Amino acid sequence: MNIIIFFLVGLIVHVVFFLSIFDIYFTSPLVHGMTPWATPLEPPASRLVLVVADGLRADSLFTPLNNGSSRTSYLRRVIEERGTWGVSHTRVPTESRPGHVALIAGFYEDVSAVAKGWKENPVEFDSVFNESRHTWCWGSPDILPMFAKGASGDHVYTYTYPAEEEDFASTDASKLDTWVFTQVKSFFQSAKSNSSLKASLLEDKNIFFLHLLGIDTNGHAHRPMSQEYLDNIGLVDSGVAETVALIEDFFGYDGRTAYVFTSDHGMTNWGSHGAGHPSETLTPLVVWGAGVNHAQRVTEPQPYTDGYLQGVKLSTLLVSQGLLPLSYLNNTDRFKAESMYTNAFQVLEQFKVKMTQKKESTLSFLFTPFQ
Ligand SMILES: [Zn+2]
């Protein structure tokens, strides 16, 4: 008899533990129904160009060549002369999908997304693309659709190479990036003679997103120390230079474009990612253009950089999590203060929704709000 009771108690304990895993890890942390807040002040930029070099390690971009020059001469010049740079810290799992969700939607994705093969959205979420007036995206069919699908209304446009034709890059993955740069070029070319497209482009709150998968693919196939990986970084650098020139020309050098260059995760020396080694979690961040701080000269060694890129101030090791990265902003104290104030209210909105939910799902005598 005792053995049966022992067995039953053991079984119940295990079932409770098993179910608690789903309750803790497979429940979405997202809440819906917050009131959106916005600052009343004029934003410094009318449009954002976001470039994500998939699988690019921070040290691979920032470390100079042996002779002191750089394989990314354009981005190097941006860092030294007119931009702000930093090292962003991605969280595990260091995979493309959660990396992009963190960048574009601003939260750490539910572990439950893994049950859908990182493809389908496990929960509805808002994103900066959805909040934009228009977003145009070019890149991989594995990444772009999730942000278009979640968007309300028809204002996120995606241009992807067909998945079955990804083979065109099987001999040289950097062709995936050349494809993106070529598409962007012909897009702006055609906009010159397409008056309705041109009118949309000239509006504010627009985003252009370039997803570059070549570096990641080359890293998996040849490892990050290979000539293929390193050459691909050089190709991306000149592609970015051309794209910036093209965009500046299209908008008549109006000084209203902000640029962000970063990556979704890094890669280990043997060409894998997913875990939490610094080579996988440390990613480069270069920001320049409208509203962004200029490069600042320093003499002391910069933290987190293993000695690469001496002489230019590292803005911050960016782990944003609800904090505004003020060191990147070039604006008045009034603007910064207003932005922090707005941000605080937006975070408070989430707290309020969470508290209401908790109150509704808890027996009233067990619910005690914090003082
Ligand atoms: Zn990736």
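The values are calculated or read from the model by the stated rules, or taken from the named source; none is laboratory data. Small disclaimer: the values here were computed from a predicted structure and weren't measured. Cβ coordinates were reconstructed from backbone atoms using ideal geometry, including for glycine residues, and neighbour counts include every protein chain displayed. The accessibility values were calculated without ligands, DNA or RNA, using every heavy atom of the protein model including side chains. Shrake-Rupley method; radii C 1.70, N 1.55, O 1.52, S 1.80 Å.
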Task: Whichever residue in region 87-103 is open to solvent by 10 Å² or more (accessible area, probe 1.4 Å) and more than 12 Å from the ligand (Cβ to nearest atom) and, among such residues, is nearest to Ala275 (Cα to Cα) - done: Val92
TODO: Name the single residue, out of those in region 130-189 being basic (Lys, Arg) and exposed (fewer than 14 other Cβ atoms within 10 Å of the Cβ), that is nearest to Ala53 (Cα to Cα).
DONE: Lys149
Open item on the list: Give me the residue from region 330-371 that is at pLDDT below 85 and not polar (S, T, N, Q) and, out of that set, farthest from His294 (Cα to Cα).
Closed with: Pro369
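Among Gly55, Gly33, which is exposed (fewer than 15 other Cβ atoms within 10 Å of the Cβ) and on the phi > 0 side of the Ramachandran plot?
Gly33
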Open item on the list: Please determine whether any residue of region 210-217 is open to solvent by 40 Å² or more (accessible area, probe 1.4 Å) and not charged (D, E, K, R).
Closed with: yes
- [ ] Within region 242-279, work out how many residues are under 17 Å from Phe188 (Cβ atoms) and either within 15 Å of the ligand (Cβ to nearest atom) or in contact with an Asp or Glu (Cβ under 9 Å, 6 or more places away or on another chain) (or both).
- [x] 4
- [ ] Scan region 169-215 for residues that are free of Cβ contacts under 8 Å to residues at least 12 places away in the same chain and closer than 30 Å to Met267 by Cα and report the count.
- [x] 3
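Applying the selection to region 222-235, what residues are within 14 Å of the ligand (Cβ to nearest atom) and assigned to a helix (DSSP H, G or I)?
Here is the first cut: in region 222-235, the residues within 14 Å of the ligand (Cβ to nearest atom) are 224, 229, 232.
Correct list: Tyr229, Asn232.
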TODO: Would you be able to say whether some residue in region 38-48 is without any contact (Cβ under 8 Å) to a residue 40 or more places away in the chain, among the charged types (D, E, K, R) and not in a helix (DSSP H, G or I)?
DONE: yes
Open item on the list: If I ask for residues that are at pLDDT 90 or above, more than 16 Å from the ligand (Cβ to nearest atom) and under 29 Å from Gly274 (Cβ atoms), which ones from region 60-77 would you list?
Closed with: Thr72, Leu75
Task: Selection count, region 62-77, where residues are farther than 19 Å from Phe181 by Cα and of a type in the set (A, V, I, L, M, F, W, C) - done: 2
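Quick grid of which residues meet (1) within 23 Å of the chain's Cα centre (by Cα); (2) farther than 26 Å from Tyr157 by Cβ; (3) within 16 Å of the ligand (Cβ to nearest atom):
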residue: Trp179; (1), (2), (3): yes, no, no
residue: Val184; (1), (2), (3): yes, no, no
residue: Ser196; (1), (2), (3): no, no, no
residue: Ser200; (1), (2), (3): no, no, no
residue: Ile207; (1), (2), (3): yes, no, no
residue: Leu212; (1), (2), (3): yes, no, yes
residue: Val240; (1), (2), (3): yes, no, no
Task: In region 41-59, the residues that are under 17 Å from Gln227 (Cα atoms) and away from the ligand (no atom under 16 Å from the Cβ) - done: Asp59
Open item on the list: Tell me whether region 80-90 contains one or more residues that are closer than 24 Å to Phe181 by Cα and modelled with pLDDT of 90 or more.
Closed with: no
Task: Where Asp172 falls short, out of the listed (1) at pLDDT below 95; (2) within 16 Å of the ligand (Cβ to nearest atom) - done: (2)
